Every structure is written in structure tokens, then in C-alpha cells.
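Working notes, beginning with the structure itself.
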Amino acid sequence: MTRIERGFAILLLLSDGSMLSAAALAQRFEVSVRTIYRDIDMLSTTGVPIYADRGAKGGYRLLEGFFLPPVSFARDEAVAVLLALALARGLKVTPFARELEAAERKLVTALPKPLRPLLAETRRLIGFERTAPDAFHPELPAAVGEGDGASGAEARTVELFLKAVLDGTQIRFTYRSPYRAGGAPVATEAEPLGALWDRERWYLVGTRRPHGGGGERRFWRADRVVEIEASSLRAPQPRDFDIRRHLGRRWLGEAMAAWARTSPVVIRMRRSQAERLAADWYFAFARFEAKEADEVVMTYGEDQPARVLELVRWLGPGAELVEPRSWRSLLRDELRALLAAHA
């Protein structure tokens, strides 16, 4: 039996979910354990997801779902899937881009011939507009050397993270937060749970595992991950996790509430001004407290004075920066300069 034949036979043995040790495989194929190790390495190198569980009862197993059964789509179901593929292509960052193209080709090939010309041109016939720029929360200019390469790195980050979710393994990465003093990347180990896409950005959801035990559920922006690598350590899959519970930007509300406690900004304004801000995707998660008939106090988190001053200037008459008090002098100087320019 050649190595290729033996490798295919190993796949067939593992395809039913069985876990077999190297010794058991060596005995079955009448070869040495070292030969089985080389066979497993060969399969792993070609992309076959074979995992090793350690321990007395451990062995090799094949990732569940690696061999997918044939799927039959009704016409409208096929159209819906192709629309979803077209939407994925329109994202600013598209994880599994090559796999997406291959999946679309396979799907179109499997369709009845009368439908192929129409559905194969979904890229030409259907478009998805990207999120419009946000005047209040613009993206910072890309650093030198960033651009398409940065998007590719972000896609790889999401791919590795999602693979770890599906494989049930931990993940290690370094993360650079613009809100951390010094801006130095921080090494993190996490048990991945899922991912969501919002306003052209991918957010990774997981349980952070700090040294010394304990877990904390966190959201990380994928484009701020500097380096990432999969771990061979198993990660428990909590049955209570459901990404849908975080949609509607509820995840953002939790993050903003925490930020407001550490870096509070308080602005007094008219009710009409508060109603306009409350309709914004971001400021909707601020805390609004009605005081008098036409007075509302808004509290939210921010540590960049320039952004706060810009907001107060945009609100105009009726708005007053209450806290931090040290920023009031900055605003006063800006308004005096503006007044002098219009004198």
C-alpha cells in the first residue's frame, strides 16, 4: 500500500467521527508508529484538519463536518445563497475570499443550465453600498504601509479566529488599543466564541484568559490585532452563547457604559439637541437625563478632547460642556478665536 493509499484509508476510518491512536493505526496497516506520524503530517500539510487529543484515551480525530454531504437547493434557495455571497464580496474585509469564489463556482455549476447565465452574473447585476462616512467618528488616516495589505491581514485574523471557533481551540494574539496608555500591543489568550460585522469592521468575541485564571468576555476589533496564531489547546464551547444577543449594537452599549465610568464627559443641552443625538448610532448609547422642561444632560465616555469640542461646537447655542472642567478652557479659547475671525 502506498502512502497516498494509506492516507486515504486513514481518512475513511476517521470520517465517521472515530478517534484512533497512532498505535491502533499502525497495527491496522502493519506499519510502524513513526510511519503513521509521517502519514498524519502529510495529511495535515495538504490541509486535512486532523487533530490529536492527548492522554491515555487520546488519539487522532477528523474535524466534524470535513466531509459534507451533497446539498440540493430549490431555485429560490440558490438565489438567496448567491445573494449572500455577493454581499460578502462587497464587504471592506472579506474573510475566506478564495473559498468564497470556489463555493460560488461550485454552486453555479450545480444549477440547472437555464439558471446559470442569470445567477452567474450576480456580481454585475446586484450591488451592496458600503457604509457612508461618519462625520462624528471618522476613521483615522491609514499609517504608512497600510492599505490593501492591512485588509488582507484583517481577513486572515478573522479566518483564524473563526476556524478556532469551529475547531473548539484557543487562540493567541497581540492587540493594540488606541485607548491604552503608550499604545503598546498586549499579548492575549482567549477562548473564541464568534464574530460580528458592523460598519465595515469585524469584531471578535471571546473569553479572555488572563494568567492566574478567571475569564472575561470581550470584543476585539480585528483590524487592531497585530499578530495571531491558533493554539492546540482545547476551548470549551458554552451552550449559552448566541451572537444574536449582541446584535442591535447591544455590545456597543455595554462598552460605552463602561467607558462612561472611566472617562465621563457631561454635556448639558436642549431637548431638541438631545433627541437628534439619541437618533445617532453611536450617541444613542449615551445616558440622557431630563432635568427641566427643555434641558437634558448627556453623559458618555471619551478621552479625546478634540472630539468633544467638535461635538459641542456642532450642537451650537444651548449646549454647554460641564465635565471635564479642564476642557472648558480649551473650548473657550477656540470660541474666542472663532469670534475674532468673524468680528
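The values are calculated or read from the model by the stated rules, or taken from the named source; none is laboratory data. What you see is a predicted model, and the numbers here were worked out from it, not measured in a lab. Don't worry about glycine lacking a Cβ; one is built from the backbone with ideal geometry, like all the others, and counts go over all protein chains shown.
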Is there any pair linking a residue in the range 153-166 that is of a type in the set (V, I, T) to one that is assigned to a helix (DSSP H, G or I), with Cβ under 9 Å and at least six apart or on different chains, and which?
T157/A222; T157/D223; V158/A222
Taking L11 and the conditions (1) loosely packed, with under 13 Cβ neighbours inside 10 Å; (2) in a helix (DSSP H, G or I), which numbered condition does it fall short on, given that it satisfies the others?
(1)
Any hit, the range 283-297, residues being closer than 25 Å to P178 by Cα, surrounded by 15 or more Cβ atoms within 10 Å (Cβ to Cβ) and among the β-branched types (V, I, T):
no
Return the residues of the range 241-263 that are surrounded by fewer than 15 Cβ atoms within 10 Å (Cβ to Cβ) and under 20 Å from L315 (Cβ atoms); say none if nothing qualifies.
S263
Please verify whether R180 is part of a strand (DSSP E or B) and either surrounded by 11 or more Cβ atoms within 10 Å (Cβ to Cβ) or not charged (D, E, K, R) (or both), treating the condition exactly as stated.
no
Give R313, R307, R325 a once-over and let me know the one that is more than 20 Å from A260 (Cβ to Cβ) and among the basic types (K, R).
R313
Restricting attention to the range 199-208, does a residue exist that is over 24 Å from K92 (Cα atoms) and surrounded by fewer than 16 Cβ atoms within 10 Å (Cβ to Cβ)?
yes
Regarding the range 57-68, can at least one residue be identified that is in contact (Cβ under 8 Å) with a residue 40 or more places away in the chain, over 30 Å from R199 (Cα atoms), surrounded by 15 or more Cβ atoms within 10 Å (Cβ to Cβ) and charged (D, E, K, R)?
yes
Just to be sure I understand, how many residues within the range 39-78 are over 14 Å from S21 (Cα atoms), among the hydroxyl-bearing types (S, T, Y) and either in a helix (DSSP H, G or I) or modelled with pLDDT of 80 or more (or both)?
2
Which condition number does F283 fail, the rest of (1) at pLDDT below 95; (2) more than 30 Å from R217 (Cα to Cα); (3) aromatic (F, W, Y) being met?
(2)
